[in-house]
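So the structure is just underneath, and the comments pick up after that.
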Amino acid sequence: MLDREEYVEQAYFFRTMGERMLENAPMQDTLGSIREEILATTKLPMAIDFMLDELKHGGAFAPAMERLAHYFTAFQAFVMREAENEHGRFDMRIALELLRREAEYRAEGASTQGIFLYQFESLCRNRLGYDRGLIAVAADPIYDEAWRGWLNKLRRQVGNIEVSDLIYVRSEYYNVVQQRRGRPGLPADEPPLFGEREGRIALANRRKDPLLLFSALHRHLGYPAVPRPRKVDQTQQLLPMLAVRLERVENRLKLLEEEQRGGIDLSRFMPPPEARPKDGPRDQGQR
């Protein structure tokens, strides 16, 4: 785990990268300028230097982030690699915004439950793949051995068992309900990973869309929300497009009227005589 100032600078780095991508600035120049803005007391400037060298040689960020495993988490490198995948549909701007919100949440003092729910929702909403995604999630240093063991089981169970049930049975609320019914709760080797409120919300969202579960957790527990792609506003382009189409319709109507009157005058579509190419000398074989 890094110091708070490292996460603050990471959040600024990812946010500035996303903003300057909209300006179509060269990526190498953007990295160089952001490096000068980052606090020199952090380790991020050295990481940016390494990423800049990797970008010049390989044209990608993800390999550099994977090699800087002592600074960037495996989940951050996985998100960047999916964004740089030419065959995928994961937008780079969404990836940078996703990493920015996670870094800000860590700087504010993130809980283990909140980090897991944010990372898991990121995999669900953006369809990044559960197998490789959960492997990257389990490599995060915020999780202890109990969490890593549960995440490895989750890789095999996700898709077959509802997410709400998986959270509910490893919550403190599950132990309370079982004890009220006179039954034993979780065994000693499987301690609860989620609190009572998480278990209560998960129980209320059984057999529902998992996105409703994440939305309820955002409302009641204040976990960060995963960014979503914004719809493109085409109202500003609507009037110019209509004007072009109307002009085409008018030209077609004029051609139809000329044809009904006796024919279309094709001379106006031909270049003037002075602009026509002159005939060169004929080939001797054609005389």
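The values are calculated or read from the model by the stated rules, or taken from the named source; none is laboratory data. Quick caveat: nothing in here was measured; it's all calculated off a predicted structure. Using ideal geometry, Cβ is built from the backbone for each residue, glycine included, and neighbour counts are taken over all protein chains shown. Side chains are part of the model used for accessible areas, which takes the heavy atoms of the whole protein and leaves out ligands, DNA and RNA. Shrake-Rupley method; radii C 1.70, N 1.55, O 1.52, S 1.80 Å.
How big is the dipole moment of the chain about its Cα centre under a simple scheme where the beta carbon of each Lys and Arg is +1, that of each Asp and Glu is -1, and everything else is neutral? Debye, nearest 20, please.
For this selection, approximately 1200 debye.
Looking only at Glu104, Glu250, Glu37, which one moves most when the chain is put into a Gaussian network model with springs between Cα atoms under 10 Å?
Glu250
So who's got an amide H within less than 5 Å of the one on Phe194, skipping anything under 5 residues away but keeping other chains? H placed 1.01 Å off N, in plane.
Hits under the 5 Å cutoff: Ser171, Glu172.
When the Karplus curve 6.51 cos²θ - 1.76 cosθ + 1.60 is applied with θ = phi - 60°, which whole-Hz ³J(HN,Hα) does each residue of the range 120-126 get, with x for Gly and Pro?
Calculated HN-Hα couplings, in order: 5, 5, 4, 5, 5, 5, 9 Hz.
Using θ = phi - 60° and the Karplus form 6.51 cos²θ - 1.76 cosθ + 1.60, what ³J(HN,Hα) does each residue of the range 13-24 get, whole Hz, x for Gly and Pro?
4, 5, 5, 5, 4, x, 5, 7, 5, 5, 8, 6
With the Cα gyration tensor of the chain giving a ≥ b ≥ c as the square roots of its eigenvalues, does the rule (a/c under 1.5 for rounded; else a/b larger than b/c for prolate; else oblate) give rounded, prolate or oblate?
Note, shape of the chain comes out prolate.
Cut-off 10 angstrom, C-alpha nodes, Gaussian network model of the chain. Which of Leu242, Leu203, Leu31 fluctuates the most?
Result: Leu242 has the largest fluctuation of those listed.
For the range 80-199, what does the relative contact order come out to in percent, with C-alpha contacts under 8 Å and a separation of six or more?
So the answer I get is 17 percent.
So what is the relative contact order for the chain, in percent, with contacts set as C-alpha pairs under 8 Å and at least six apart?
Once normalised by length, the contact order is 15 percent.
Under the rule a/c < 1.5 gives rounded, and otherwise a/b versus b/c splits prolate from oblate, where does the range 116-214 land using the Cα gyration tensor?
oblate
What is the gain in length, in nm to one decimal, between Thr41 and Leu221 on full extension, counting 0.36 nm per residue of separation less the C-alpha to C-alpha distance?
The span from Thr41 to Leu221 would gain 61.4 nm if fully extended.
Taking the Cβ-Cβ separation of Leu211 and Arg132 as r and a Förster radius of 25 Å, what is the calculated FRET efficiency to the nearest 0.05?
It comes out at approximately 0.70.
Using only alpha carbon pairs under 8 Å that are at least six residues apart, calculate the relative contact order of the range 53-103 and give it in whole percent.
24
In Å², and per residue, what accessible area does the chain have when probed at 1.4 Å with the other protein chains present?
Accessible area per residue: 64 Å².
Once both axes come from the Cα atoms, what is the angle between helix 74-84 and the longest principal axis of the chain, in degrees from 0 to 90, rounded to 10?
10
Sorted by accessible area (1.4 Å probe), largest first, how do Arg4, Arg89, Arg132, Arg20 line up?
Order by accessible area, largest first: Arg89, Arg4, Arg132, Arg20.
Let me make sure I get this right: for the range 1-110, a, b and c are the square roots of the gyration tensor eigenvalues over alpha carbons, sorted descending. Under 1.5 in a/c it's rounded, otherwise prolate if a/b > b/c, else oblate. Which is it?
rounded
Say a paramagnetic label sat at a point 7 Å from the Cα of Asp3, along Cα to Cβ; which residues of the range 42-78 have their backbone N under 18 Å from it?
Answer for this model: 42-48, 70-72.
Can you tell me the length gained on complete extension of the stretch Arg148 to Ser111, counting 0.36 nm per residue apart and subtracting the Cα distance?
11.8 nm
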